[in-house]
Amino acid sequence: MTQDDWGNIKQRLLKTMGQNNFTTWIDPLVPGSVTDGIATLQVPTNFFGNYVSQNFSDLILHELRNEGVDASRLNFALTPKTSNNAVKSSSPVAAAPKAEKRGSPVTTAPLDPRFSFDNFVVGKPNALAHAAAKRVAEGGPVTFNPLFLYGGVGLGKTHLMHAIAQELRMRKPDMNVLYLSAEQFMYRFVQALRDRKMMDFKEIFRSVDVLMVDDVQFIAGKDSTQEEFFHTFNALVDQHKQIIISADRAPTDIKDLEDRVKSRLQCGLVVDLHPTDYELRLGILQSKVEMQRKTYPGLEVDEGVLEFLAHRITSNVRVLEGALTRLFAFASLVGREINMELTQDCLADVLRDSERKISVEEIQRKVSDHYNIRLSDMIGPKRLRSYARPRQVAMYLCKQMTSRSLPEIGRRFGGRDHTTVMHGVKRIEELKVSDGQIAEDLELLRRALES
Ligand SMILES: Nc1ncnc2c1ncn2[C@@H]1O[C@H](COP(=O)(O)OP(=O)(O)OP(=O)(O)O)[C@@H](O)[C@H]1O
């Protein structure tokens, strides 16, 4: 495709996506060839390519076709090293100021401008995580190190991490803030080893003021990466530099992570993003509707639709958000208002999928929270009554509320035999009749899980 074609396409993308998204994600793209219906775009990093591919490829393809380019797929290729200048300065892969001076650029992963504190809806399940994130984003003296944020899929960990990084950049532009995923940490480490540039690597990571590593569970089982991470971590803590980590579970629950790393990760503030409750989901939907209205002005949502979605889609916020985006796009395409009928038509598959989709993990979490024990103790081998009873309650709920078989449930409870699960389920069935407290616990837990 020609530069002119690309110029026109960019103009239109700017209009539909808004300046922020455009500058961050579209401007750095370099157009390449179109062969057999596949249009190639050059990107500065793989992560960048993945992000654009996941979030904007439909839009880009649509505009390519509008421009008469015969493309049905996009291919993202890394910008060749020899043409580094093709990566525009407006790229979000910005070099942090301090390291630039030393000639060793610390590149931070792209930050999504939508993932700001302003756009983060706070409710009971995430209030503590939000407060802690806000505190470190002030960039004041380090009070807890590291801040460890964890929670299940799509509950807002990355959102909070990006919000912290962006707020810090705004408040303290001189601070050297490095945000990256654990996968990128490993990738850079391996690359440094391969290119014999370990000293540079160490220098870069030890020169940051704030280190933020997303999805740290990724380094579990990767011994040398863990080792290097441990040393980097210690060096930064010794210098009183803030470290912020996220993971999908608590440090103690990350398998194949060395004990010394686990204990390091726990020595600051560990906060949990709990699964959303109905009120939070409704709040998030209301806030996302406001955003959708910017793209689709004039589209109204009938009363009851958001409440219905908040009730029915309980799995995670990403699914909730996706459902809303689809609903608005669909309504605008068919020119209909967003009412219950359209919602059920358009989201039939999502609604079907979310029916009774309660996971074993969710039950384990809820039950361990309820009885105030650690998830690892519930799943682990200890036989103390204070762990065994909640374990049996969780097994019972898994049997009742999921479609998992007894052997499957056993496996997820630390590899227990199906007869153990059967025994547990039976015991709770008996207690439900004879023990008022257990009956009440079960009722409370069931309601919490269904909300
Ligand atoms: N409290 C919230 N307010 C507004 N949006 C939210 C909230 N929680 C999550 N989201 C949105 O849900 C989506 C998923 O969130 P995010 O990517 O941060 O999840 P995650 O916890 O990092 O999940 P994963 O483990 O899959 O990486 C994002 O679009 C995010 O903006």
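The values are calculated or read from the model by the stated rules, or taken from the named source; none is laboratory data. None of these values were measured; they are calculated from a predicted model. FYI the Cβ positions are ideal-geometry reconstructions off the backbone, even for glycines, and counts take in every protein chain you see. All accessible areas refer to the heavy atoms of the entire protein, side chains included, with ligands and DNA or RNA removed. Shrake-Rupley method; radii C 1.70, N 1.55, O 1.52, S 1.80 Å.
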Filter result for Leu309 (within 16 Å of the ligand (Cβ to nearest atom), open to solvent by less than 60 Å² (accessible area, probe 1.4 Å) and part of a helix (DSSP H, G or I)): yes
Enumerate the pairs (first residue in the range 99-128 and more than 30 Å from Ala192 (Cα to Cα) and open to solvent by 40 Å² or more (accessible area, probe 1.4 Å); second residue anywhere and at pLDDT 95 or above and more than 10 Å from the ligand (Cβ to nearest atom)) with beta-carbon separation below 6 Å, excluding pairs fewer than 6 apart on the same chain, so at least 6 apart or on different chains. Leu128/Val271
Give the number of residues within the range 188-211 that are open to solvent by 30 Å² or more (accessible area, probe 1.4 Å) and farther than 23 Å from Ile164 by Cα. 12
Only one of Arg264, Arg260 is among the basic types (Lys, Arg) and surrounded by fewer than 17 Cβ atoms within 10 Å (Cβ to Cβ), namely Arg260
Per the list (1) within 30 Å of Val270 (Cα to Cα); (2) touching a Phe, Trp or Tyr at 6+ places or on another chain (Cβ under 9 Å), residue check on Arg383 breaks on (2)
What number of residues in the range 393-451 are farther than 17 Å from Ile363 by Cα and among the β-branched types (Val, Ile, Thr)? 3
Identify the residue in the range 148-158 that is crowded, with 24+ Cβ neighbours inside 10 Å and within 22 Å of Pro113 (Cβ to Cβ) and, among all such residues, is farthest from the ligand (Cβ to nearest atom). Leu149
Checking the structure you have, find out if any residue of the range 352-360 is of a type in the set (S, T, N, Q), under 22 Å from Arg446 (Cβ atoms) and within 26 Å of the chain's Cα centre (by Cα). yes
I'd like the full set of residues that are under 28 Å from the mean Cα position of the chain (by Cα) and among the aromatic types (Phe, Trp, Tyr), limited to the range 2-36. Phe22, Trp25
Pairs returned, first residue in the range 182-194 that is modelled with pLDDT of 90 or more, second residue that is open to solvent by 50 Å² or more (accessible area, probe 1.4 Å) and of a type in the set (A, V, I, L, M, F, W, C), beta-carbon separation under 9 angstrom, 6 or more apart or interchain, are Ala182/Phe218; Glu183/Phe47; Glu183/Phe218; Gln184/Phe47; Phe185/Phe218; Met186/Phe218; Ala192/Met199
If the Cβ limit is 6 Å and pairs must be 6+ apart or interchain, which residue in the range 231-253 that is open to solvent by less than 30 Å² (accessible area, probe 1.4 Å) pairs with which residue that is within 16 Å of the ligand (Cβ to nearest atom) and in a strand (DSSP E or B)? Ile244/Leu147; Ile244/Met212; Ile245/Phe148; Ile245/Val213; Ser246/Leu149; Ser246/Asp214; Ala247/Tyr150; Ala250/Tyr150
